[in-house]
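These notes are about the structure you will find just below.
The values are calculated or read from the model by the stated rules, or taken from the named source; none is laboratory data. Being a predicted model, the structure only gives us computed values, none of them experimental. All Cβ positions, even for glycine, are placed from backbone atoms using ideal geometry, and neighbour counts span all protein chains on display. What goes into the accessible areas is simple: the full protein's heavy atoms, side chains included, and nothing from ligands, DNA or RNA. Shrake-Rupley method; radii C 1.70, N 1.55, O 1.52, S 1.80 Å.
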Amino acid sequence: MTSGVTMTDSSAAGIKIVLHPVSDLARAKVVYAALLGMQPQADSDYYVGFDAAGQHIGLVPGGGPQGMTSPVSYWQVPDIEAKLAEVTAAGATVKDPVRDVGGGRLVAAVTDPDGNVLGLVQDR
């Protein structure tokens, strides 16, 4: 139901990033490399990332500063501020406001009415 919600032309372009919290980064890296059939493109003590078939799969030790306890999918949107306003008007709650994570990428996260975390990403 979307009564009272103004829809914009900032439709989501699909899930482009999925971040997974991991307790042991080294062990998880080996498992995901085997699953995806490739070595990571980003590999540091605080983040390991794989670019596979148009998606980015990230491993975040300890859930990172966001305190993730389960995987978070990030939906690609053309206008993150407009989409954030739209989904909060529809009943979502802002978990992480829009922030620049470098490289021209903006991210934000909301929770749906059941507490599920939904990420938004905009590449400039």
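Scanning the range 56-86 for residues that are in contact with a Gly (Cβ under 9 Å, 6 or more places away or on another chain), open to solvent by 40 Å² or more (accessible area, probe 1.4 Å) and not polar (S, T, N, Q) turns up just one, TRP75. Return the residue satisfying two criteria in turn: it lies in the range 68-102 and is without any contact (Cβ under 8 Å) to a residue 40 or more places away in the chain and in contact with a helix residue (DSSP H, G or I) (Cβ under 7 Å, 6 or more places away or on another chain), and of such residues it is farthest from GLY49 (Cα to Cα). Going through the qualifying residues, I end up with VAL94. Kindly establish whether LEU106 is open to solvent by less than 40 Å² (accessible area, probe 1.4 Å) and touching a Lys or Arg at 6+ places or on another chain (Cβ under 9 Å). When the stated conditions are applied, LEU106 passes them. Residue check: GLY115 meets all listed conditions (1) at pLDDT below 95; (2) within 26 Å of LYS29 (Cα to Cα); (3) open to solvent by less than 70 Å² (accessible area, probe 1.4 Å); (4) not acidic (Asp, Glu) but one, namely (2). Considering the conditions (1) under 14 Å from the mean Cα position of the chain (by Cα); (2) farther than 19 Å from ALA28 by Cα; (3) at pLDDT 95 or above, GLY58 is excluded by exactly one of them, (2).
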